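The values are calculated or read from the model by the stated rules, or taken from the named source; none is laboratory data. Treat the numbers as computed from the prediction; the structure is a model and nothing was measured. Here the Cβ is made from the backbone with ideal geometry for all residues, glycine too, and neighbour counts use every protein chain on show.
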Amino acid sequence: MSRRRSRTSSPSRAPARQRILALALPELSIEAARRAAPRLVGRPLVLVTSGKPGARRARRKTSSTTGSTSGSSSGSTAASGKPGARTGTLRVAAASVEARAQGVRPGMTCAHALAVLPDLVVREHRPEDDDAALLGLARWAAAALSPRVGVSGVVGSEPGASPPGVTGVAPHRAGAAGAPALLVDAVGLEPVHGDEPTLLRRARAGLAGLGFSSRAALADTPLAALALASEGSRPDVIAGPGEHLAALGPLPPRALPLRDDVLVALSRLGVDTIERLLRLPRAGLPPRLGEETLHTLDRALGARDDLLQPVVLPDLLRERLETTGETGAGTDRLVDLAFALEALAERVAARLDVETRGARALELVLERDDARPVRWALRLAAPVAGAHTLVRVLHRRLERQDLSIPVTALELSITETAPLVLRQAELFDQDAGARAATSEDLACLLGRLEGMLGPRQVLRVDLVADHRPERAHTARPASAPPSGPPRPHAPPPGPRPTRLLERPAPIHVCTATGGAPAVQVVDDHHDPPTTLRLGGDVIPVARATGPERIETGFWDGAEVRRDYWVLAGPDDRAWWVYRDLDRGGWFLHGVFD
Amino acid sequence: MIVGTGSSTGTSKKKVERQDLAQVLRRGSALEREQGPVVPCLPALDERLPGGGVEAGSLVEVLGEQAVGALRLALRLAAGLQARGRDRTAVIVDPLDPGGLSLYPPALAQAGLDLTRLVLLRPRGPDALPCLDEVLRSSAVSVAVARVPLLPATASHRLRQAALQGGGVGLLVRPAAARGEVSGAGLRLLVREGGAPGRPLAVEPLRARGVAVPAPTWRLDPWRAA
């Protein structure tokens, strides 16, 4: 008896208890495109690909007749280049609600869609953008909802279609190219998010805040949750523990990730619901519909282990905004770019806020009309999270950018983050709050200075225990992390000039005795100079202090043997000179400025 | 105590009505209030300044010929300001010098500056003033020392506004020839002689709140430890 058999594979036997929140994102492609180009909001928009309609396309058409999916992750090969770059008919991969309301459907040719709706906005569909958006949302969900997040419907997971930039993606289910969706492990979230309806509401509200509409469902298995999210009667379905069999029953078989030929065969058999599918004799399924179909059913019902596979979250937090006008040309006005930068910074800051982390390193890319993009990478001395601070750091750089080539888009990526000092510390310790503010201020200042001067000009210095004056310190870019804990070296014992010549300059001195009065002779070997000639000036030496013998460096070939003197003129102005003990001759090395 | 209102009292002396005098007194006390908090930095200097130190959020100019110790004095004052600047950072602006002379960090440490809380900027000549402006405007900076050979009067007042906004002190090291220039600095010191290690400097105050100029030479020792 088929019914009995299906009962035996009911969740009562489920080996591992799970609660999975599925968040289907039916409009992901359109919404991701609009997020980068806000002027497209509210206008009929289609995304087209130049791929040939294949077997998968046929399936997409059947599902799109109900309007339940927009075909945002079409099974076609990844389009490359501009629309029309490849020979092949342009087809609609995704259509916005406004376009669908006028009769435009995914799968139509572009020409057909334009005939239906002449003022349609047509753009190239780039599956890698969808993937990037989905993974970005996964990163958001991992911070905002639950640390264990998987994704489904990543186009790049299809064999041979892996676009660059999403390597390391662990697809939840290879080949299951349904609507893109997030899968969130919902076990043990009560202390954070309250009960399950609250969790659903929060998740959908969070996605809406980021500009993505979603359908949510909570069930015991990932496949059941996915099916209920994408094909459920309401956009927020909760199937309580063990109730998913009943909830799945009325859904069409296409809610499950079954092969296209299986779906066609089922429709020929008149099996239009999952309930009817389950009534089929279980033993007869593998020979007719394949072993895979049975596995899928068991996974959906919880008879077979199907654990959520966490996705590898992207390291980059990236936001992109187009700056093109109505005509599609870029902008050369600083004010437009500043406006776009502000919007980007606010988005990035909102996402960093969810993660309670601050940006440690970032990259701003200016995409330009037919020219190489301008990339500007920046490290920050302290984690920065405020939108205002991010703008301030970057605005200087923008001001100095040559805008003779119009800029078509800005892209802001946070390449490294660090935990933020929580501002709650202020409640306990006023000073701690003030400190956090100052470290962010400093990071902002250093970022701006780097924008003006370049990283090699903004330095931190350390003393080094080396007797050679030119090697007694090191300098490193202030934004670079310190190589280790600070090792404070004592400054050298002898007096050091405030300014040092990079190359000691040979000088003429007069060491004849008797010329200058009150010269203190300390050294036995060489009398200190009695007059010093600098440029055109001849300065009588009133006091010579020294010598300080520096004789070191034989181990690394940069050996020095020098006798240093401080020579002071009659008005106490002072210079630092030495005699080279090996080669002879006097050199000016520093000024007591 | 009314200080620095000499000109307004001078004009109002012609009218001896009591109301005017009261107005002047009010204006005087308002000026007093305008003065920011005062930071002590070098005992020999502090005792000569009203309030006992350098005003926070202001500019200080130290003028002098080469090798006379003006930079050393500025660094020593900066060490005192940095030490009291809590978590704020000290910044040294050392514009690239065509002669190849650059600031020598061991001397910074000898002047008492804490190198772990210090940033050194090496701008090209034309970048020096804009970047000093940026530095002074930041509330993360306790003191900025900068060698500024050329400083137009407008730039000087702009820097003063920047320091007022940021709350730190800008210490400008300038050539002695700049003594006649218009300046936004509240304290201007001309180093007349000195420079040799261990010797006090002979300093002429060109402008200082509460000090009548010309004043007798001050003896300041930038070599004494903080």
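The table that follows gives values for the structure above.
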{"item": "Exclusive hit being more than 34 Å from the chain's Cα centre (by Cα), modelled with pLDDT of 85 or more and more than 30 Å from A:Val149 (Cα to Cα), set A:Arg276, A:Arg368, A:Arg282", "result": "A:Arg276"}
{"item": "Odd one out for B:Leu171 among (1) farther than 26 Å from B:Val203 by Cβ; (2) in contact (Cβ under 8 Å) with a residue 40 or more places away in the chain", "result": "(1)"}
{"item": "Subset of segment A:557-593 (residues that are assigned to a strand (DSSP E or B), more than 8 Å from chain B (Cβ to nearest Cβ) and under 53 Å from the mean Cα position of the chain (by Cα))", "result": "A:Val560, A:Trp576, A:Leu588, A:His589"}
{"item": "Residues of segment B:45-92 classified as on the phi > 0 side of the Ramachandran plot and in a helix (DSSP H, G or I), total", "result": "2"}
{"item": "Residue within segment A:318-327 that is more than 14 Å from chain B (Cβ to nearest Cβ), touching a strand residue (DSSP E or B) at 6+ places or on another chain (Cβ under 8 Å), of a type outside the set (D, E, K, R) and closer than 25 Å to A:Gly454 by Cα present", "result": "no"}
{"item": "Selection count, segment B:139-184, where residues are crowded, with 18+ Cβ neighbours inside 10 Å, within 14 Å of chain A (Cβ to nearest Cβ) and hydroxyl-bearing (Ser, Thr, Tyr)", "result": "1"}
{"item": "Set A:Ala99, A:Ala161: member being at pLDDT below 90 and either surrounded by fewer than 21 Cβ atoms within 10 Å (Cβ to Cβ) or over 26 Å from A:Val354 (Cβ atoms) (or both)", "result": "A:Ala161"}
{"item": "Strands (runs of 3 or more DSSP E) lying entirely in segment B:160-226 (those with 1 or more residues that are of a type in the set (Asp, Glu))", "result": "B:187-193, B:201-207"}
{"item": "Residues of segment B:115-138 satisfying the condition of being surrounded by fewer than 22 Cβ atoms within 10 Å (Cβ to Cβ), within 22 Å of B:Leu63 (Cβ to Cβ) and in contact with a helix residue (DSSP H, G or I) (Cβ under 7 Å, 6 or more places away or on another chain)", "result": "B:Leu129, B:Asp133"}
{"item": "Filter result for B:Ala109 (within 22 Å of A:Ala475 (Cβ to Cβ), more than 7 Å from every other protein chain (Cβ to nearest Cβ) and assigned to a helix (DSSP H, G or I))", "result": "no"}
{"item": "Residues located in segment B:55-87, provided they are surrounded by fewer than 24 Cβ atoms within 10 Å (Cβ to Cβ) and under 20 Å from B:Asp133 (Cβ atoms)", "result": "B:Glu55, B:Ala56, B:Gly57, B:Ser58, B:Gly85"}
{"item": "Some residue of segment A:16-24 being assigned to a loop (DSSP other than H, G, I, E, B), modelled with pLDDT under 50 and either in contact with a Gly (Cβ under 6 Å, 6 or more places away or on another chain) or small (Gly, Ala, Ser) (or both)", "result": "no"}
{"item": "Those residues of segment A:536-593 which are within 20 Å of B:Leu103 (Cβ to Cβ) and either among the small types (Gly, Ala, Ser) or exposed (fewer than 15 other Cβ atoms within 10 Å of the Cβ) (or both), in sequence order", "result": "A:Ala574, A:Gly590"}
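Here's the yes/no breakdown for (1) within 15 Å of the chain's Cα centre (by Cα); (2) more than 26 Å from A:Gly211 (Cβ to Cβ):
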| residue | (1), (2) |
| --- | --- |
| A:Arg347 | yes, no |
| A:Leu352 | yes, no |
| A:Glu355 | yes, no |
| A:Ala359 | yes, no |
| A:Leu364 | yes, no |
| A:Ala377 | yes, yes |
| A:Ala381 | no, yes |
| A:Leu398 | no, no |
